[in-house]
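The structure appears right after this line, and notes come after that.
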Amino acid sequence: MNKSALTIALDWTPNTNHTGFFVAQGLGLYKDVGLNVRIIDPSTDNYATTPAKKLELGEADFAIAPTESAISLNTKNNPAAAVAIAAILQDDVSAIAVLEDSDISRPAELDGKSYASYGARYEDKIVQQMIKNDGGKGELKLDYPDKLGIWNTLLENKADSTWIFQNWEGIEAETQGIKLRYFKLSDYDIPYGYSPVLLALKDNITPLQAEYRAFLQATKKGFLHAQQNPADAVELLKPHLPAPDRERIDLLRAQTFTNEHYGDAQSWGKMEPARLQRFVDWLKEHKIENELQDISALFTNELLE
């Protein structure tokens, strides 16, 4: 069988948000549907080019990114028609994190404190609005470290706060006996979208529809296999992890934690229009995004069917 080549650009070094891709690859699920799938991550260029930019440049067929990246690509000065074709997680398991032994017990107390930012288009304003929603002024000291080193700035007391995934960095902290305090967006009246999602370019969807559908079905099987066989999934993921992650993270604990948030055979990958609309409306209300007119351009569930 002739195989179609597809490339996925991950948003981070491999972790449990990505397990299903590596399971599908390791079990031959992509090959079974005639696909040759390549998985690349930001460590290859030290995050010099974001996954979304790799998608835009045609260096990848799919990019893993938050909903905000779809909004940003569609509304920037030279827009790229990016469409979310599947949600990797059904629930938001990210949070703003601080060390528990710091003097920061709530978002309002981040005023005047340092925040290690990834430099994403909407990120800083979202965090500043969280502080305001909690009664603060939103006066953060913003730092922009090397992206792959951001997590370490919190651990090394070089930053007071940053945005993490509780199912990965949070499990690393737990494994290492480091206590964190979390501020979740939903607890401070921020109706966040999906993170991460799988992005594709709109212009590629029709000509490559058969390949994309096959890719999503094989990927879904990979994620559902991880849910049902977490220890097996960890063994398939482990070879792709950076050595420090293999050593510092309770991988089975991380996988078990994440499994609860993938969705199930009916819901995996699907996105609710109302949830995306609430997030976009919130961005507009707080003047964080003013250009987007129609959320239907941001996502489709059709390729999952």
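Does the stretch 182-189 include one or more residues that are over 14 Å from the mean Cα position of the chain (by Cα), closer than 18 Å to residue 90 by Cα and of a type in the set (Asp, Glu)? Looking for residues that are over 14 Å from the mean Cα position of the chain (by Cα), closer than 18 Å to residue 90 by Cα and of a type in the set (Asp, Glu), one finds at least one in the stretch 182-189, hence yes.
Can residue 7 be described as in contact with a Ser or Thr (Cβ under 6 Å, 6 or more places away or on another chain), among the hydroxyl-bearing types (Ser, Thr, Tyr) and modelled with pLDDT of 95 or more? Don't jump to the end; show me each part of the working.
On the way: in contact with a Ser or Thr (Cβ under 6 Å, 6 or more places away or on another chain): no; among the hydroxyl-bearing types (Ser, Thr, Tyr): yes; modelled with pLDDT of 95 or more: yes.
No; evaluated as a whole, the condition is false for this residue.
For residue 55, the conditions (1) crowded, with 24+ Cβ neighbours inside 10 Å; (2) farther than 16 Å from residue 202 by Cβ all hold with the exception of (2).
What is the residue count in the stretch 122-135 for residues that are without any contact (Cβ under 8 Å) to a residue 60 or more places away in the chain and within 15 Å of the chain's Cα centre (by Cα)?
Our first condition is that a residue be without any contact (Cβ under 8 Å) to a residue 60 or more places away in the chain; within the stretch 122-135, this holds for 123-124, 127-128, 131-135.
Retained after the next criterion (residues that are within 15 Å of the chain's Cα centre (by Cα)): 123.
Of the residues in the stretch 122-135, 1 are without any contact (Cβ under 8 Å) to a residue 60 or more places away in the chain and within 15 Å of the chain's Cα centre (by Cα).
Residue 260 meets each of the listed conditions (1) surrounded by 14 or more Cβ atoms within 10 Å (Cβ to Cβ); (2) charged (D, E, K, R); (3) under 19 Å from the mean Cα position of the chain (by Cα) apart from (1). For residue 26, the requirement of being farther than 30 Å from residue 160 by Cβ and either more than 19 Å from the chain's Cα centre (by Cα) or not assigned by TED's automatic domain parsing to the domain that holds residue 277 (or both) is met. Taking the stretch 69-116 as the range and being of a type in the set (D, E, K, R) and closer than 16 Å to residue 271 by Cα as the test, the residues that pass are 91, 92.
If you check 83, 98, 37, which single one turns out to be closer than 30 Å to residue 177 by Cβ and crowded, with 21+ Cβ neighbours inside 10 Å? Answer to the selection: 98. Tallying residues that are touching a residue at least 24 places away in the same chain (Cβ under 8 Å), out of contact with any strand residue (DSSP E or B) (no Cβ under 8 Å at 6 or more places or on another chain) and of a type in the set (A, V, I, L, M, F, W, C) within the stretch 14-72 yields 5.
The values are calculated or read from the model by the stated rules, or taken from the named source; none is laboratory data. This structure is a prediction, so every number in the text was calculated from the model and none was measured. FYI the Cβ positions are ideal-geometry reconstructions off the backbone, even for glycines, and counts take in every protein chain you see.
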